[in-house]
1. So the check is Cβ under 8 Å with 6+ separation or different chains; which pairs have a first residue in segment 56-69 that's under 15 Å from Gln104 (Cα atoms) and a second one that's surrounded by 14 or more Cβ atoms within 10 Å (Cβ to Cβ) and not hydrophobic (A, V, I, L, M, F, W, C)?
2. Name the one entry in Ala195, Ala119, Ala113 that is among the small types (Gly, Ala, Ser), without any contact (Cβ under 8 Å) to a residue 40 or more places away in the chain, under 30 Å from Glu37 (Cα atoms) and in a helix (DSSP H, G or I).
3. For segment 186-201, enumerate the residues that are over 17 Å from Ile152 (Cα atoms) and surrounded by 15 or more Cβ atoms within 10 Å (Cβ to Cβ).
4. Taking the residues in segment 223-264 that are touching a residue at least 40 places away in the same chain (Cβ under 8 Å) and in a strand (DSSP E or B) as candidates, determine which candidate is farthest from Gln6 (Cα to Cα).
5. Which condition from (1) closer than 22 Å to Leu125 by Cα; (2) surrounded by 14 or more Cβ atoms within 10 Å (Cβ to Cβ); (3) not hydroxyl-bearing (Ser, Thr, Tyr) is the one that Leu180 breaks?
6. Condition first: of a type in the set (Gly, Ala, Ser) and at pLDDT 70 or above. Now tell me which residues in segment 48-88 satisfy that.
7. What tally of residues in segment 234-264 results from selecting those that are in contact with a helix residue (DSSP H, G or I) (Cβ under 8 Å, 6 or more places away or on another chain) and either at pLDDT 90 or above or not acidic (Asp, Glu) (or both)?
Amino acid sequence: AQTGLQSALAEQQSAQAVLGARRSEADDIAQQLRQREEARLTLDRDLDPLRQRITELQLKEQEFRLQAEQFAQQLSEAQADIEAVRASLPNDAQAPALALEDLQTAITTLEDAIRKIDAETRDMLATTFEQINDHFGRMFPLLFGGGNARLIITGEEILDAGVQVMAQPPGKKNSSIHLLSGGEKALVAIALVFAIFQLNPAPFCLLDEVDAPLDDANTERYARLVKDMSASTQFLFISHNKIAMEMADQLIGVTMQEQGVSRTVAVEMDAALRFAQAA
C-alpha cells in the first residue's frame, strides 16, 4: 500500500509538472498576443502628436503661401523686381514643407506596421477559431447523443468581435446556450473545453467535478468520451459520481480518520475486479 501511495504521489507530481508546462505555454501565447496589442496601441498613440504637428506645419505653410501671394500682388501693382521680392522672403520658407514630408513618411511607416500586426492577429484568430469550431462540432454529438452545435463570431471585425455558442440538442430547436438547462449547459461547456483541448492536446488533463450537474445518461456519454480520449491523454478527474468512477483505471480516495489528518488510499480497478471475481 505504501509503495502504491508513493507511486501515485510521484505520478501526481509528474502530472502537475506537465500541467504547469502547458499552462506556461498558454501564458506565453497570451503574453505574445498582449504584446502585439500593446505595440499596436503604442503605435496608434504615437500618431496623435504627429498628426497635430502636421496640422501646425500645414498652417505655417499656408501662412508662407499667403505671404508669397501678397508679395506677388505687390509685384504686380508696383511692377517691382520679382527677384528682389523673392529675396525678401524668409530663408526658412521651405523648411515646413520638408518637415511635413518627413512626418508624413513617419506616419505612413507607423500605419503600415499597425496594419501588419492587425493582419497577422486576424489570421491567427481566424485559423484558431475555425479549428476549435470544427472540433466543437464533432464533440457536441458525442456528449449529447446527437444534435449539432457551432460557434458564431458576433461582429464584422474579428479583433473586436465576441463569440456566441449556438446549440441544438437532439429533439430541440437550435438556440443560444442561455436557453439550455443547467445539465445541458455543462455538457456544452465540456464539449467546448475538449474542443479547445484538441487544438493542442497535452499528455495530461485535470477535470474537477465537471460531471456534478449531469444526470446518469449524460454522465455515461461523458465517461465514454473521456475513456476514448484517454488512449492518447492521461486524465485525472475528481468526481463523486459512481458512473464516472467506473471508467477509471485507478481510484484514489482521501479519508480523514483523525481530525485534521488526511490520507489517501489507491485502488487499481482491474486488480479489485479480479479479486472480487476470485472471491
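1. From segment 56-69, the pairs are Leu57/Pro96; Glu61/Pro96.
2. None of the other options fit; the residue is Ala119.
3. Ala186, Leu187, Ile190, Phe194, Phe197, Gln198
4. Only one residue fits best here, namely Gln234.
5. (1)
6. Of everything in segment 48-88, just one residue is of a type in the set (Gly, Ala, Ser) and at pLDDT 70 or above, namely Ala68.
7. The number of residues fulfilling the criteria is 14.
Residue-wise test of (1) at pLDDT 80 or above; (2) within 15 Å of Phe204 (Cα to Cα); (3) touching a Ser or Thr at 6+ places or on another chain (Cβ under 7 Å).
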{"site": "Ser7", "(1), (2), (3)": "no, no, no"}
{"site": "Gln12", "(1), (2), (3)": "no, yes, no"}
{"site": "Leu19", "(1), (2), (3)": "no, yes, no"}
{"site": "Ser24", "(1), (2), (3)": "yes, yes, no"}
{"site": "Asp28", "(1), (2), (3)": "yes, no, no"}
{"site": "Gln32", "(1), (2), (3)": "yes, no, no"}
{"site": "Glu37", "(1), (2), (3)": "yes, no, no"}
{"site": "Leu41", "(1), (2), (3)": "yes, no, no"}
{"site": "Asp46", "(1), (2), (3)": "no, no, no"}
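The values are calculated or read from the model by the stated rules, or taken from the named source; none is laboratory data. Predicted model only: the values in this text are computed from it and were never measured. Methodologically, a virtual Cβ is constructed for each residue, glycine included, from the backbone with ideal geometry; neighbour enumeration extends over all protein chains shown.
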